[in-house]
């Protein structure tokens with residue numbers, strides 16, 4: 001994870017521009033320095049994680065925030081791909097989605113999601129969720145090095 005003054009590298013896979021803006025604002029209000037990298041669909045998420053094409057020099061994320069409902073490849077397909085690749089399966093994945101479906105929750109955990117959070121509808125709730133998430137993954141949890 002992060003050490004010293006190094007910012008956390010966070011990959012956000014989210015197709016809703018409004019939710020991207022909310023996440024950026026919430027992370028800016030957080031206590032930890034971070035570099036947020038955004039992709040708009042599951043295909044781009046996997047290209048980023050595999051460091052393909054324009055993402056050849058992309059940093060390995062310390063945390064992935066993953067929406068389930070994206071075009072081209074949805075979040076469950078991304079989880080399945082991550083779960084199958086040893087190099088990627090060690091990166092914590094937090095599903096951050098509007099879905100409250102019990103089937104989506106169960107399937108996400110079956111595919112090795114580390115957490116499942118439903119997006120709050122108001123900005124203050126969203127900021128609180130992101131701040132708690134940031135604090136937990138970057139201040140409480142100990143994970144193996146990249």
Going from the fewest other Cβ atoms within 10 Å to the most, one would list 134, 128 as 128, 134
Scaled to the compact-protein estimate 2.2 N^0.38 Å, what is the alpha-carbon radius of gyration of the range 1-50, rounded to two decimal places?
-> 1.22
Proxy exposure order for 83, 19, 124, 57 (fewest C-beta within 10 Å first) is 57, 124, 83, 19
With an 8 Å cut-off on Cα pairs and a minimum separation of 6 or more residues, tell me the relative contact order of the chain in percent.
-> 27
Considering only the chain, what is the antiparallel percent among its DSSP beta bridges, to the nearest 5?
-> 0
What FRET efficiency comes out for the pair residue 6/residue 31, r = Cβ-Cβ distance, R0 = 22 Å, nearest 0.05?
-> 0.90
Please sort 34-44, 109-119 by packing, taking for each peptide the average over its residues of neighbouring beta carbons within 10 angstrom, highest first.
-> 34-44, 109-119
Answer check: the range 1-89, Cα atoms, Kirkwood Rh, Rg/Rh ratio of 0.96
Distance in Å, no decimals, from the C-alpha centre of the range 97-135 to the one of the range 1-74 is 15
What is the calculated FRET efficiency for residue 89 to residue 118, with r their C-beta to C-beta distance and R₀ = 30 Å, to the nearest 0.05?
-> 0.80
Semi-axes of the range 47-110 from the Cα gyration tensor (sqrt of 5 times each eigenvalue, largest first, whole Å) come to 22, 13, 10
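Laboratory data are not the source of any read-out in this text; all were calculated from the coordinates shown. These figures come from a predicted structure and were not determined experimentally. Quick reminder, even Gly has a Cβ in these numbers, built from the backbone with ideal geometry, and neighbours come from all protein chains shown.
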